[in-house]
Amino acid sequence: MATKKTPAEIKLLTKGGSILARILRELAATLKPGMSTEDINDLALELAEKYGVEPVLLGYHPTFADHPYPGALCVSVNDTVQHGVPRADEILAEGDIVNLDMSIGYEGMIVDSGITVGVGAIDAESQKLIDVTREALVLGIKQAQPGNRIGDISHAIQTYVEAHGFSIVEELCGHGVGYAVHEDPQIPNYGKAGKGPKIEVGHVYAIEPIVNIGKKDVIFDDDGDGYSVFTTDGSRAAHFEHTVAITEKGPVIMTKE
């Protein structure tokens, strides 16, 4: 069952969310060919310390993993769909696309956000993927109205993405957030309008479309780093995410400057 956050807690989420948005913007501005994903992680740690927030993914131990997560954020490049573990030997190149997904703790509350950006000039299909995924998030958030259902968010995302010829990853989804990194309810990026749990004032959701250029199928790197998820066909993937509070007036994005 989704937990309801108090107005005071939502104020903390708003402040923490603005800091996270700033961190992601500053990280994105540094991306360049020759940089390693470990370099990005190191900078994320520096920025978290600078702004007085906790990088809560570092040491986080989800139930599916046999060891805690080793990075301050997930850095997923090209066909890495999600949960890319930063590495010294993963070097960015011109034309890559990079997903930065980070959760931070601020005064006891947790916010979660993600963006996908290009390294230098990127091809038209990759740009379309980024644009469609970003807009799918906007459309999903618009459906996060009190009295609506989770399926309304899911359906809005799915129909927009598929109308543009891309695929929704079904194994990964959005979720509640605030007291913990992952809370109920799950928020799939596919589904039927009018179905699922009711959206209520005080709920806080991490809404996050995860989209592939090619087939929807993914593979989990259980025998490698234990976290990374890849497209099975090698096609590129994109992800955008906001933490959103449900108010009487509708959804309010927490993770913006």
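The values are calculated or read from the model by the stated rules, or taken from the named source; none is laboratory data. Being a predicted model, the structure only gives us computed values, none of them experimental. Ideal geometry is used to build each Cβ from the backbone, glycine not excepted, and the neighbour counts take in all protein chains shown.
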Residue among V98, V81, V75 that is in a strand (DSSP E or B) and free of Cβ contacts under 8 Å to residues at least 40 places away in the same chain: V75
Residues satisfying the stated conditions in the range 187-203, i.e. touching a strand residue (DSSP E or B) at 6+ places or on another chain (Cβ under 6 Å) and under 18 Å from H83 (Cα atoms): I187, N189
Residue in the range 116-127 that is part of a strand (DSSP E or B) and over 13 Å from H242 (Cα atoms) present: yes
Single condition P55 does not satisfy, out of (1) without any contact (Cβ under 8 Å) to a residue 60 or more places away in the chain; (2) of a type outside the set (G, A, S); (3) touching an Asp or Glu at 6+ places or on another chain (Cβ under 8 Å): (3)
Some residue of the range 22-37 being closer than 23 Å to I130 by Cβ, of a type in the set (D, E) and within 20 Å of the chain's Cα centre (by Cα): yes
Filter result (at pLDDT 95 or above and among the acidic types (D, E)) within the range 47-98: E49, E54, D79, D89, E90, E94, D96
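For every residue, the table says whether it meets (1) among the aliphatic types (A, V, I, L, M); (2) within 30 Å of D233 (Cβ to Cβ).
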position: L31; (1), (2): yes, yes
position: M35; (1), (2): yes, yes
position: L43; (1), (2): yes, no
position: E46; (1), (2): no, no
position: H61; (1), (2): no, no
position: R87; (1), (2): no, yes
position: S103; (1), (2): no, yes
Residue that is surrounded by the fewest Cβ atoms within 10 Å (Cβ to Cβ), among those in the range 199-230 that are free of Cβ contacts under 8 Å to residues at least 40 places away in the same chain and of a type outside the set (A, V, I, L, M, F, W, C): D223
E135, sole failed condition from (1) in a loop (DSSP other than H, G, I, E, B); (2) in contact (Cβ under 8 Å) with a residue 24 or more places away in the chain: (1)
Matching option when the condition is at pLDDT 95 or above, assigned to a strand (DSSP E or B) and not hydrophobic (A, V, I, L, M, F, W, C), among Y190, Y205, Y179: Y205
